[in-house]
Amino acid sequence: MFKSLLHQFIAILIIPIILILTITQYTYKQMQKDQEVKLETYCTTTIENININFSLLMSNVSKIASAFSTSRDVQLYLSNCNKGVDLAQRQKFSDIVELSSTFLPYLLDIVLIDSSGNSTSLVSYLSSDLHNYIRSLSKESQNVDKSYSFYINPKTNNVYIVYLAPIYVTKSSTNYGNYTGSIAILCKSSIISKIINSTNDILIEIVNKNNNEVLFSNKALFSKENINRLYSSSSQHRSKDIIGTNLAIKGTYLKHPFSSYSSIGKESTLNNFLLAAGPIFLIILVYLAITIHLVLIRPIDKLNMQIKNMNFTDGKIKIKSTAQNEIGSIAKLINQMVDRIVTLNQENLNSKVKLYEMEISKKETQLYAYQSQINPHFLYNMLQCMRGISLMNGMEQIARICTNMADLFRYSIKGENYVSLNDEITIVDKYLYMISVRFQNRITYTFQIDESTKSLMIPKMILQPIVENSIFHGLEQITEQGKLYISSKCIHNDLIISVKDNGIGFNPEQLEELNHLLMKTSDNFDISHCEKEGIGIINIHNKIQLYEGNDYGLSIHSSGGETEVIIKLKIIKNNKEKM
């Protein structure tokens, strides 16, 4: 039982484990797919936002550069290299410079470079390194429409956005369309740094499309290991050109963000949950398995073993740990069942003993009859012969006596164990007629039989021996008229038959001894009483108890020369038989 139950429990336990692992794996894959989609959308959105902000900045820079490039004063200034004129003309740029500073809050300086490479700062003072960098860029500006670059100050590591555009003569017919110089607009890169460094899930790079040079990126936010992963084959790329410039924004992220770390090196809380959920569920299931085994399976196994090894005579099931639960209740019910089985076995054994004793009693009664060495049938035939002779000689009384004796013998040898009370009274009546003849009417008798009791069934030959005992041990010893009263009635569920006489009665010692014997039940019945008492009071009492139970039998009351024997029997209808 235990192994089968354990195997079933393990099989049942495997199903939720497989379901949990399957659901966890499916959830993991689904969330990974969702994360990839979200990350792709996030990358595209981030690039678009950076592009919008950068395009707005570049648009403003381009507008300022266009304002200066189309200014007649700027074109004249770049065409005229006279210093005196230069100082005078520079005053005319103040309105445009002031407007540019308001329009572009990140503006650092505006530099005009003539065709000879001379540069002039219109807003602030620039270092010689930065002027040299701008001059070097201006040498190529004649061949390039416009360009963006980033300048890193070697001393301060400050990064600047440099926008360079060529200026052509458009406001004068002289040298119209000729290259006259360049304009360089310098802006602080803090706005771009702030936009790019706002995300650490995606590698953002601003690239010069002309030479694929990375002008700006948020690479510093990532470790070397994560940078290598971002440049591996498991990464995805998204890029977008910045309209009106030679720049492009490139975003890089991993294909599978759910690894031991998040997609760009930051450990994912969701990933940790998914990785921990499976083991946690398994631990819970193992805990439940151990608990169920300790609380349910092992006590059931103990109960099974105790039932298997139980001694059904005095054995008891003991399960201390589960005395208050259902298994303990089952153990108690089994103990009650065992007690009931023992009781029923004992009752069955007692019933068999009673049946055996009834058979012994029957055999003893037959042996008692055989001791007379007279064949009842021979005696019956002889009595019939005597009756015939008596009638032939006119002796009717002797003939009646012979008839009554013959009926009495025939009644005694019938095979039934139960007869009606009316049949028993009829036999007693015939017997008492012979007694009255024997004692020459010195003994009289009276029947008071309730009509409702005549059809009730009683054990055969229990009344005649009591009547005989009353006559020969009570009425025969007196000199006055003897009287015998036989009555019957029903009280509750019992049939009560009374045999009362006015004989010599019992002395107290005899009555006490006899009642003591009558108090013994048939369970303690000694067959030797039959041999000692014949078929008298004790034998009849034990016979009734064997047939009807220990609650029934005889009781004797005697005082003042009167004796009453009360027979207590079950009420058994005429349509039933007692076997």
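Values as computed for the structure displayed
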{"read-out": "Close pairs (6 angstrom Cβ cut-off, 6 or more residues apart or separate chains): β-branched (Val, Ile, Thr) in the range 35-57, assigned to a helix (DSSP H, G or I) and surrounded by 15 or more Cβ atoms within 10 Å (Cβ to Cβ) anywhere", "value": "Ile50/Ile195"}
{"read-out": "Filter result for Ile462 (outside any helix (DSSP H, G or I) and closer than 27 Å to Arg400 by Cα)", "value": "yes"}
{"read-out": "Inter-residue pairs, beta-carbon under 9 Å, first part of a helix (DSSP H, G or I) and in the range 347-361, second β-branched (Val, Ile, Thr), 6+ apart", "value": "Glu357/Ile527; Ile360/Ile527; Ser361/Ile527"}
{"read-out": "Unmet requirement for His516, which otherwise passes all of (1) in a helix (DSSP H, G or I); (2) more than 19 Å from Asn539 (Cβ to Cβ)", "value": "(2)"}
{"read-out": "Subset of the range 494-511 [among the aliphatic types (A, V, I, L, M) and under 60 Å from the mean Cα position of the chain (by Cα)]", "value": "Leu495"}
{"read-out": "Given (1) of a type outside the set (Ser, Thr, Tyr); (2) over 21 Å from Asn53 (Cα atoms); (3) surrounded by fewer than 16 Cβ atoms within 10 Å (Cβ to Cβ); (4) modelled with pLDDT of 80 or more, number of the condition Ile167 does not satisfy", "value": "(3)"}
{"read-out": "Where Ser59 falls short, out of the listed (1) surrounded by fewer than 12 Cβ atoms within 10 Å (Cβ to Cβ); (2) over 51 Å from the mean Cα position of the chain (by Cα); (3) among the polar types (S, T, N, Q)", "value": "(1)"}
{"read-out": "Cβ pairs under 9 Å, 6+ apart, first in the range 93-118 and more than 21 Å from Tyr160 (Cα to Cα), second assigned to a strand (DSSP E or B) and aromatic (Phe, Trp, Tyr)", "value": "Ser115/Tyr179"}
{"read-out": "Subset of the range 494-513 (residues that are part of a helix (DSSP H, G or I) and in contact (Cβ under 8 Å) with a residue 40 or more places away in the chain)", "value": "Leu511"}
{"read-out": "Candidates Lys240, Lys320, Lys316, Lys266, filtered to the one that is modelled with pLDDT of 75 or more and either out of contact with any Gly (no Cβ under 7 Å at 6 or more places or on another chain) or of a type outside the set (Asp, Glu) (or both)", "value": "Lys240"}
{"read-out": "Residues of the range 149-164 that turn out to be β-branched (Val, Ile, Thr) and crowded, with 19+ Cβ neighbours inside 10 Å, as a count", "value": "2"}
{"read-out": "Qualifying residue in the range 441-449 (condition: more than 60 Å from the chain's Cα centre (by Cα), surrounded by fewer than 20 Cβ atoms within 10 Å (Cβ to Cβ) and assigned to a helix (DSSP H, G or I))", "value": "no"}
{"read-out": "Matching residues in the range 179-195 - criterion: being modelled with pLDDT of 80 or more, among the polar types (S, T, N, Q) and either touching a Cys at 6+ places or on another chain (Cβ under 9 Å) or more than 19 Å from Asn132 (Cβ to Cβ) (or both)", "value": "Thr180"}
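To keep it simple, each residue is scored yes or no on (1) touching a Gly at 6+ places or on another chain (Cβ under 6 Å); (2) at pLDDT 75 or above; (3) not hydrophobic (A, V, I, L, M, F, W, C).
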{"position": "Lys3", "(1), (2), (3)": "no, no, yes"}
{"position": "Ile12", "(1), (2), (3)": "no, no, no"}
{"position": "Lys38", "(1), (2), (3)": "no, yes, yes"}
{"position": "Ile47", "(1), (2), (3)": "yes, yes, no"}
{"position": "Ile64", "(1), (2), (3)": "no, yes, no"}
{"position": "Tyr77", "(1), (2), (3)": "no, yes, yes"}
{"position": "Asn82", "(1), (2), (3)": "no, no, yes"}
{"position": "Ala88", "(1), (2), (3)": "no, no, no"}
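Yes/no per residue for (1) at pLDDT 80 or above; (2) of a type in the set (Gly, Ala, Ser):
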residue: Gly117; (1), (2): no, yes
residue: Ser121; (1), (2): yes, yes
residue: Leu126; (1), (2): no, no
residue: Ile134; (1), (2): yes, no
residue: Ser138; (1), (2): no, yes
residue: Ser141; (1), (2): no, yes
residue: Val144; (1), (2): no, no
residue: Ser147; (1), (2): no, yes
residue: Ile152; (1), (2): no, no
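The values are calculated or read from the model by the stated rules, or taken from the named source; none is laboratory data. This one's a predicted model, so the numbers in the text were calculated from it and none came from an experiment. Cβ: placed from backbone, ideal geometry, glycine included. Neighbour counts: every protein chain shown.
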